[in-house]
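*Asks:* My structure is below; once you've seen it, I'll send some questions.
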Amino acid sequence: MLQPCPWGKVKWDDDEVITIGQLAGYIGVSIKTVRVYHDKGLLLEPDRDASGYRRYGANDAVDLIKIRTLAEAGVPLARIRYLRAAGEEEFRQALGEIDGELDARIRSLQETQGRLRRLAAGRLVPLPGKVVAHLEDLARWGFTPRWVDLQRDLWILVFATHPDRATTLFHEQAEILADPTLRWLFLGYDHAHDLDADDPRLEDLARRIAEANRERYGPDERPGLDTGSEIPALIQSRVNASSPAWERLDSLIRAQLDA
């Protein structure tokens, strides 16, 4: 019978047998799980007694604990069945490999947890200090919080998807905004957000932005970050969707550059 030992463990008499329900309850699994292990050939199914019930002993309980431990570690049932038939040395080696796999999973989960916490704090990825300082400069120069947020999202995406080129791209953009004349054009773009889409000031702003772009890059280059991906287009689509004036301004700039 099951009796409490002096140190609080459970003692199982050698001649004691229990039902499948008792076995499942003691080990902490469901009866259905035990039956699945039977069907998969992981746990031997005992013969029925004279009353028609299957009775389990201490060895069955030990085997079930081993199977449950491996299953909780994420080991596939097919691999557990193989390990149950393996020799002691092979079994120990496999346990070492599984332990290493668990370490890798733990590191991955910790990284995921870090991303979730940064997401909860409004920081999808940790931006370099120079980018954070640049975003603070934007606010100090008179850019709206809306524009600063858009820039933050842009650099989050660029640093996450193009880490090898992100620093170079950032320095180029920061250099542009460090020029008071060019910065004034970006401020104009920012503050055009609330204009009517047919406001004539948009045409003048688009012309000046296109001229500045041709002067800096030559006649064949378009404004924006050349990352070789769809990221800039995604950002621009978000920009355009947030304001009819911004959408028209983007179209006017493209038309000016195509001219």
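The values are calculated or read from the model by the stated rules, or taken from the named source; none is laboratory data. All values derive from a computational prediction rather than experimental measurement. In this analysis, Cβ positions are derived from the backbone assuming ideal geometry, glycine residues included, and neighbour counts consider all displayed protein chains.
Results for (1) under 30 Å from residue 63 (Cβ atoms); (2) among the hydrophobic types (A, V, I, L, M, F, W, C), shown as yes or no for each residue.
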position: 91; (1), (2): yes, yes
position: 95; (1), (2): yes, yes
position: 103; (1), (2): yes, no
position: 129; (1), (2): no, no
position: 175; (1), (2): no, no
position: 178; (1), (2): no, yes
position: 187; (1), (2): no, yes
position: 193; (1), (2): no, no
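*Asks:* Read through the list (1) out of contact with any Ser or Thr (no Cβ under 7 Å at 6 or more places or on another chain); (2) surrounded by fewer than 17 Cβ atoms within 10 Å (Cβ to Cβ); (3) over 18 Å from residue 101 (Cα atoms), then give the number of the only condition that residue 79 fails.
*Replies:* (3)
*Asks:* So, one more: Condition first: modelled with pLDDT of 80 or more, farther than 27 Å from residue 193 by Cβ and exposed (fewer than 12 other Cβ atoms within 10 Å of the Cβ). Now tell me which residues in segment 113-167 satisfy that.
*Replies:* 129, 163, 164
*Asks:* Here is a further query. Restricting to segment 168-185, give me the number of residues that are small (Gly, Ala, Ser) and surrounded by 17 or more Cβ atoms within 10 Å (Cβ to Cβ).
*Replies:* So the answer is 0.
*Asks:* Return the pairs, sorted by first residue and then second, in which the second residue is outside any helix (DSSP H, G or I) and among the basic types (Lys, Arg), the first residue lies in segment 71-94 and is in contact (Cβ under 8 Å) with a residue 12 or more places away in the chain, the beta carbons are less than 7 Å apart, and the residues are 6+ apart or on different chains.
*Replies:* 77/40; 81/40
*Asks:* On the basis of being without any contact (Cβ under 8 Å) to a residue 24 or more places away in the chain and over 16 Å from residue 235 (Cβ atoms), does residue 129 make the cut?
*Replies:* Against the criterion (without any contact (Cβ under 8 Å) to a residue 24 or more places away in the chain and over 16 Å from residue 235 (Cβ atoms)), residue 129 qualifies.
*Asks:* Quick test for you: out of 163, 145, 126, pick the one residue that is farther than 26 Å from residue 249 by Cβ and touching a helix residue (DSSP H, G or I) at 6+ places or on another chain (Cβ under 9 Å).
*Replies:* 126
*Asks:* Here is a further query. Those residues that are outside any helix (DSSP H, G or I) and of a type in the set (Lys, Arg), I need them from segment 42-79; list them, please.
*Replies:* Hits for segment 42-79 are 48, 54, 55.
*Asks:* Okay, moving on. Given (1) over 32 Å from the mean Cα position of the chain (by Cα); (2) in contact (Cβ under 8 Å) with a residue 40 or more places away in the chain, identify the lone condition not met by residue 68.
*Replies:* It fails just one condition, (1).
*Asks:* Further question on the same structure: Please enumerate the residues belonging to segment 190-240 that are modelled with pLDDT under 80 and aliphatic (A, V, I, L, M).
*Replies:* 225, 231, 233, 234, 235, 239
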